[in-house]
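Contents: one structure, followed by commentary.
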Amino acid sequence: MDTSSPATGQPDAGSEFAGGDPQQLFRESLDQIDTIMIITRSRRDASGEIVDFDYVYLNAAGLRMMGRAAEEILGRGLVEMFPSHVPDGWFDVYKRAVESGEKQHVFIPTFDENGVRGSFEVDVWKFGDGYVMFGRDMSEQLERQRALEESERRFRSTVESATVGIALVSPEGTVESANPALCHMLGRDVDSLVGSRYDLQISPEDRDRVDQQVEALRGGADRIMLSDLRLVRVDGQTVWTRCAAIALRGPDGEVQHFMTQFEDMTAEHRAREELVYRAFNDPLTGLRNRSWIADILETELRAAKRSGTGVGVLFLDLDNFKVVNESLGHEAGDELLAIVADRVAGAAGVDVHVGRSGGDEFVAVVPGVAEPRALELLADRIMIAINQEVSLQGHRVVPTASLGMTVSTARSTSATLLRDADAALYRAKSEGRARWVFSDLRMHERAMARLTVEDGLRRALVEDGFEVHYQPVISLRDRTVVGHEALVRWRDPVRGLQLPGTFLQVAEETGLIVPLGELVLQKVCALLRDRPDLPGRMSVNVSAVQLARPEWAHRFAATLDEYGVPPDRLIVEITETAALTVLDSTRADLARLRDSGVGLYLDDFGTGYSSVAVLRDLPVTGLKLDASFVRALDRRDQASSALVTGMAGLVAGLGLAAVAEGIETADEEETLLVSGWGLGQGYLYARPGPEPLTELGS
Ligand code: C2E
Ligand code: MG
Ligand code: MG
């Protein structure tokens, strides 16, 4: 091996290279190359043992490695110059090369005062009676390696100590590494993260968005940013983050890793939400605030105009709130406001928007108001809810409130509504508080009148304020009394005798018509029981509200029983309009009543729709022609008289009893007779009165 070494010939002394141009050239070229070349010769003791290696030749790179000049080193020994090579074992390495003849491949570190300076990778062969060393200076690579390791270390420690979450993700989407900040953010340990699918930590709502961005990265984008990206913590909580990701590519441009960075923005997000919440909510009561209410009022008003309904606005102000605030303190005041807010919201229900407009003022926006009465009922509910005792710091307080209300019309704007409700509230306050007031005076009066009526009806029911008057039914041919109709009257202690027109609608709306109807029937039955001499049958009127009660027919029959009145002495009158709304079950009840002998008349015939169909569908025994037809006869209205004549023929054909209502003149009587009507009722014969008649003029 030694013979094929690049140092041709058998150099055994530096002098052999001194002369001759080719040699000089060769030497010079050896000094040009980076390869280290050192030749030594063994120095042996008397016994032939190698004790040192004397330097015979070093090229320029070799000298650099040794850190010496040629004069300093040539002819001197290795151990002589570097005695530490013996204990460090280097001397043995060279000796082994010489004695065994085997090539030794080693790394030689060199040192300076700062520690390792360089590293040389060398091959050592036996060469003559010494060795030749070829080698390369690895110091630069070592330095590079060291720099790389240092930068990696620095990078790792940056990542480890970063406050932002960082993860390395494989192109297939597996988490390869995650830093402590990310683990902390997600509430997971690193082992549970590494190896998991990265998208499992992303909120399902955001996955599509992320997928799109990842595709963009794959497609060549350098960097992507995602704001408001939601990650899911191990406990299910949402972490709001700002995410940035880059693709790390190999030399071929293929993505090798994705490096992702997550900044926890949850606190900022909460702050933003809080800000938005505060912009539209009242922090004390949790109700909406004035500006939100103003917005929703606009929205509801537009919707109401489209649907043709109204929007109700209700302003509420606590009475004497100042007293609570000043005597019990602001804390008590706040507590009361929160309680009242709960009560108002509870009483209003989910469809009504309730807000606090400031101080002790609340506002409710009520969508879909068909009539003011709906608001009235709501106002009552709210007032009752508020008017419950509250204990404030040991003091018992019974709050009351004043309310102002208005309902939108086609011309309303949110501004006029708020203004009107406010004005109404002002009036409620000035009229003595603890009350509600409608903005519109007419609206208010109607509402108040209705309340008065309702109140009066309730009282009349218990105080025997109702009377029944009787109007005879007459045979038109001979003016004999053939029966009566019972008509209810209310004797109002203030306003005197009231006809049904003033109170019947309220009685129906409030359901008071049910006990009222029973009362009338009882009075009628008592009369029939006491007056067996009365001619013919007695008609009683029954409204749709009564008929809709499933127990009505049963109670009707029971009352007749109770008074011992035979069913065939009674007729039930149902208006044609009510008849249209009769349920199948009620129809069956009516049929049973009729079969028991009770007559069944359609009242106000001709004013409803599909009159003839009703005659077929209901088990009626007769009908009463509405007074409007009788009036039409006076005008000599051709069509009406034809109708009146036609209807007479129809009822006769069906075998029904037929009574014409509201006959006031002899002319009408005459025409009706000619048209085929045999029975009638009207002022011409007798007005309804407290006593039934056995004959006219009696
Ligand atoms: P209705 O059953 O059609 O009763 C006839 C109405 O015409 C009565 O009015 C009667 O006083 C009136 N009338 C009678 N003759 C004439 C006349 O010649 N000219 C005019 N202009 N009117 C005449 P009233 O008593 O005011 O009753 C009104 C309606 O109230 C009744 O109409 C009936 O539908 C209802 N009603 C009366 N009493 C009761 C009751 O006890 N229960 C129920 N559910 N409804 C009742
Ligand atoms: Mg009637
Ligand atoms: Mg009638």
*Would you confirm whether any residue within region 690-698 is more than 10 Å from ligand 1 (Cβ to nearest atom) and among the small types (Gly, Ala, Ser)?*
yes
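For Phe82, indicate whether it is farther than 17 Å from Met37 by Cα, open to solvent by less than 20 Å² (accessible area, probe 1.4 Å) and not acidic (Asp, Glu).
Numbers: farther than 17 Å from Met37 by Cα: yes; open to solvent by less than 20 Å² (accessible area, probe 1.4 Å): no; not acidic (Asp, Glu): yes.
When the stated conditions are applied, Phe82 does not pass them.
Residue-by-condition table, conditions (1) modelled with pLDDT of 85 or more; (2) closer than 25 Å to Pro688 by Cβ; (3) surrounded by 19 or more Cβ atoms within 10 Å (Cβ to Cβ); (4) within 16 Å of ligand 1 (Cβ to nearest atom):
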{"position": "Gly622", "(1), (2), (3), (4)": "yes, yes, yes, yes"}
{"position": "Leu625", "(1), (2), (3), (4)": "yes, yes, yes, yes"}
{"position": "Asp634", "(1), (2), (3), (4)": "no, yes, no, yes"}
{"position": "Gln638", "(1), (2), (3), (4)": "no, no, no, no"}
{"position": "Val651", "(1), (2), (3), (4)": "yes, yes, yes, no"}
{"position": "Gly655", "(1), (2), (3), (4)": "yes, no, no, no"}
{"position": "Ala666", "(1), (2), (3), (4)": "yes, yes, no, yes"}
{"position": "Glu669", "(1), (2), (3), (4)": "yes, yes, yes, yes"}
*For residues that are within 49 Å of the chain's Cα centre (by Cα) and closer than 18 Å to Pro692 by Cα, tally how many sit in region 471-520.*
0
*Would you point out the residue of region 671-689, among those that are more than 11 Å from ligand 1 (Cβ to nearest atom) and small (Gly, Ala, Ser), that is nearest to Ile571 (Cα to Cα)?*
Gly678
*Mind listing whichever residues of region 454-470 are open to solvent by less than 20 Å² (accessible area, probe 1.4 Å) and either under 43 Å from the mean Cα position of the chain (by Cα) or within 16 Å of ligand 2 (Cβ to nearest atom) (or both)?*
Val468, His469, Tyr470
*Residue check for Thr645: away from ligand 2 (no atom under 16 Å from the Cβ), at pLDDT 90 or above and more than 60 Å from the chain's Cα centre (by Cα)*: no
*Report, ordered by the first and then the second residue, all pairs with beta carbons closer than 7 Å, sequence separation of six or more or different chains, a first member in region 552-575 that is within 16 Å of ligand 2 (Cβ to nearest atom), and a second member that is of a type in the set (Asp, Glu) and at pLDDT below 95.*
Glu573/Asp603; Ile574/Asp603; Thr575/Asp603; Thr575/Asp604
*Determine whether Asp589 is modelled with pLDDT of 95 or more, away from ligand 1 (no atom under 16 Å from the Cβ), farther than 22 Å from Glu467 by Cα and outside any loop (DSSP other than H, G, I, E, B).*
no
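Looking only at region 205-249, which residues are outside any helix (DSSP H, G or I) and open to solvent by 80 Å² or more (accessible area, probe 1.4 Å)?
Result: Asp222, Arg223, Met225, Val234, Asp235, Gln237, Arg242, Arg249.
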_Among (1) assigned to a loop (DSSP other than H, G, I, E, B); (2) more than 24 Å from Phe321 (Cβ to Cβ); (3) among the charged types (D, E, K, R) - the single one Arg442 does not satisfy_ = (1)
_Which listed residue is over 17 Å from His484 (Cα atoms) and of a type in the set (D, E, K, R), from Asp634, Asp604, Asp626_ = Asp634
*Which of the residues spanning region 65-74 are touching a residue at least 40 places away in the same chain (Cβ under 8 Å) and surrounded by fewer than 17 Cβ atoms within 10 Å (Cβ to Cβ)?*
Gly67, Leu74
*For region 462-484, how many residues are within 16 Å of Val524 (Cα to Cα) and not in a strand (DSSP E or B)?*
2
_Given (1) part of a helix (DSSP H, G or I); (2) loosely packed, with under 14 Cβ neighbours inside 10 Å; (3) modelled with pLDDT under 90, number of the condition Tyr426 does not satisfy_ = (2)
*Whichever residue in region 505-524 is in contact with a Leu (Cβ under 8 Å, 6 or more places away or on another chain) and surrounded by fewer than 21 Cβ atoms within 10 Å (Cβ to Cβ) and, among such residues, is modelled with the lowest pLDDT*: Thr510
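Hey, among Arg411, Arg373, which residue is of a type in the set (D, E, K, R), farther than 23 Å from Glu509 by Cα and surrounded by fewer than 20 Cβ atoms within 10 Å (Cβ to Cβ)?
Being of a type in the set (D, E, K, R), farther than 23 Å from Glu509 by Cα and surrounded by fewer than 20 Cβ atoms within 10 Å (Cβ to Cβ) holds for just one of Arg411, Arg373, which is Arg411.
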*Filter result (of a type outside the set (Gly, Ala, Ser) and open to solvent by 50 Å² or more (accessible area, probe 1.4 Å)) within region 430-448*: Glu431, Arg433, Arg435, Asp440, Leu441, Arg442, Glu445, Arg446, Met448
_Selected residue [open to solvent by 20 Å² or more (accessible area, probe 1.4 Å), under 30 Å from Glu376 (Cα atoms), of a type in the set (A, V, I, L, M, F, W, C) and at pLDDT 95 or above] from Leu499, Leu451, Leu527_ = Leu499
*Among residues belonging to region 481-524 that are within 16 Å of ligand 3 (Cβ to nearest atom) and hydrophobic (A, V, I, L, M, F, W, C), point out the one that is nearest to Gly564 (Cα to Cα).*
Val520
*Which listed residue, of Asp54, Asp34, is closer than 20 Å to Ile108 by Cβ, part of a strand (DSSP E or B), of a type in the set (D, E, K, R) and over 60 Å from the mean Cα position of the chain (by Cα)*: Asp54
*asked:* Given the options Thr607, Thr581, name the one that is over 18 Å from Leu654 (Cβ atoms) and within 14 Å of ligand 2 (Cβ to nearest atom).
replied: Thr607
*Spot the failing condition for Asp533; the list is (1) in a loop (DSSP other than H, G, I, E, B); (2) within 16 Å of ligand 2 (Cβ to nearest atom), and only one is missed.*
(2)
*Could you check Leu590 against (1) open to solvent by 10 Å² or more (accessible area, probe 1.4 Å); (2) more than 15 Å from ligand 2 (Cβ to nearest atom) and say which number it fails?*
(1)
*Can you tell me which residues in region 308-332 are surrounded by fewer than 16 Cβ atoms within 10 Å (Cβ to Cβ) and farther than 26 Å from Val437 by Cα?*
Glu326, Ser327, Gly329, His330, Glu331
*Spans of strands (runs of 3 or more DSSP E) in region 375-421 with at least 2 residues at pLDDT below 90, among the aliphatic types (A, V, I, L, M) and farther than 22 Å from Arg290 by Cα*: 390-392
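Looking at region 474-494, which of its residues are under 27 Å from Pro515 (Cβ atoms) and within 15 Å of ligand 1 (Cβ to nearest atom)? Can you show your working first?
The first filter runs over region 474-494 and keeps only residues under 27 Å from Pro515 (Cβ atoms), leaving 483-494.
Listed by number, the residues that qualify are Gly483, His484, Glu485, Ala486, Leu487, Val488, Arg489, Trp490, Arg491, Asp492.
The values are calculated or read from the model by the stated rules, or taken from the named source; none is laboratory data. Please read these numbers as outputs of a predicted model, since none were measured by experiment. A quick note on method: Cβ atoms are made from the backbone with ideal geometry, for glycine too, and the neighbour counts reach across all protein chains shown. Accessible surface is based on the protein model in full, side chains and every heavy atom, while ligands, DNA and RNA are left aside. Shrake-Rupley method; radii C 1.70, N 1.55, O 1.52, S 1.80 Å.
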